[in-house]
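The values are calculated or read from the model by the stated rules, or taken from the named source; none is laboratory data. Predicted model, so just to flag it, every value in this text is computed and none were measured. Here the Cβ positions follow ideal geometry from the backbone for every residue, glycine too, while neighbour counts run over all protein chains shown. Keep in mind that these areas ignore ligands, DNA and RNA; they rest on the heavy atoms of the full protein, side chains included. Shrake-Rupley method; radii C 1.70, N 1.55, O 1.52, S 1.80 Å.
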Amino acid sequence: MRRDKTNYYLDIAETILERGTCLRRNYGAVIVKNDEIISTGFTGAPRGRKNCCDLKRCMREELQIPSGQRYELCRSVHAEQNAIISASRRDLIDSDLYLVGREVKTGNLVKDATPCELCKRFIINAGIKRVVIRDDKDNYRIINVDEYVKNDDTVGELV
């Protein structure tokens, strides 16, 4: 049986996450437009810097920082960011970003995975139209990026 196209791209993103260097969770991202892969990205330290997996330590883990907090202490550039900076904006406009995350300790897919608030800003400004996130081997969620704009809660209530 032939794999559907959405899961095909998610399978590619899942393979890409294997290059990730984070000790907590790794993500793989694939940006596709008009059925053509534009760029890919995985979680890892900036070029030229040592990766956490090589250092064998994670500052956020050592400080017991919960997921989704204090990203400034993380050495890694997120998969979404790496995919976006590897492409030109004209190629990203109206594209789809496929995203898969895996927990390093368990090997399980990240439950309820979603881009962080900073990655959402990158995605919005890149002109990406949809984000497709794997929930399990065959199931996924599709988020229209307009929802990230409409539901902006990064500044809280304005007084």
Can you work out the Karplus-derived ³J(HN,Hα) for every residue in the range 93-103? Use 6.51 cos²θ - 1.76 cosθ + 1.60 with θ = phi - 60°, whole Hz, and x for glycine or proline.
4, 6, 8, 10, 10, 9, 9, 9, x, 9, 6
What distance in nm separates the simple spin-label points at Tyr71 and Lys5, each placed 7 Å from Cα in the Cβ direction?
3.0 nm
Rg and Dmax of the range 1-150 over Cα atoms: what are they, in angstrom?
14.8, 47
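Calculate what fraction, in whole %, of the accessible area of the range 38-159 sits on carbon and sulfur atoms when a 1.4 Å probe is rolled over the protein chains. Walk me through the intermediate numbers first.
On the way: 3640 of 7660 Å².
Of all accessible area on the range 38-159, carbon and sulfur atoms account for 48 percent.
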Karplus-derived 3J(HN,Hα) from phi for the range 12-27 (6.51 cos²θ - 1.76 cosθ + 1.60, θ = phi - 60°), whole Hz, x at Gly and Pro, runs 5, 4, 5, 5, 4, 4, 4, 7, x, 10, 6, 8, 9, 8, 10, 10
Farthest toward positive dipole pole in the range 1-121 [+1 Lys/Arg, -1 Asp/Glu at C-beta], among Thr15, Leu55, Ile31:
Leu55
Please label the shape of the range 69-159 as rounded, prolate or oblate, based on the square roots a ≥ b ≥ c of the eigenvalues of the alpha-carbon gyration tensor (a/c under 1.5 means rounded; beyond that, a/b larger than b/c means prolate, else oblate).
rounded
Cut-off under 12 Å on the C-alpha distance; same-chain residues fewer than 8 positions from Lys120 excluded. Which aspartates and glutamates are left, in chain and number order?
Glu80, Asp146, Glu147, Asp152, Asp153
Along the Cα-to-C-beta direction of Leu55, a point sits 7 Å from the Cα; which residues of the range 104-134 have their amide N less than 19 Å from that point?
104-105
Proximal aspartates and glutamates to Lys111, defined as alpha-carbon separation beneath 16 angstrom and excluding residues fewer than eight positions away on the same chain:
Glu14, Glu103, Asp135, Asp136, Asp138
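Students often check this: by mean Cβ neighbours within 10 Å, which of 108-115, 124-131 ranks highest, and how do the rest follow? Please report the intermediate quantities before stating the final value.
Working: 108-115: 15.8, 124-131: 18.0.
Most protected by this proxy first, the peptides run 124-131, 108-115.
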Going Cα to Cα from Lys56, which lysines come in below 24 Å? Please leave out same-chain ones fewer than 8 positions away.
Lys105
Given H placed 1.01 Å from N in the peptide plane, which residues other than close sequence neighbours of Arg25 have an amide H under 5 Å from its amide H?
Val104
Please get the size of the charge dipole for the chain, origin at its Cα centre, with Cβ charges of +1 on Lys and Arg and -1 on Asp and Glu, quoted in debye to the nearest 20.
620 debye
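Please figure out what share of the DSSP beta bridges in the chain is antiparallel and state it in percent, rounded to the nearest 5.
On the way: 21 of 25 bridges.
Here the share of antiparallel DSSP bridges comes out near 85 percent.
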Quick one: 3J(HN,Hα) in Hz for the range 75-91, Karplus 6.51/-1.76/1.60 with θ = phi - 60°, rounded, Gly and Pro as x.
6, 7, 9, 5, 4, 4, 5, 4, 5, 5, 6, 8, 9, 8, 4, 4, 7
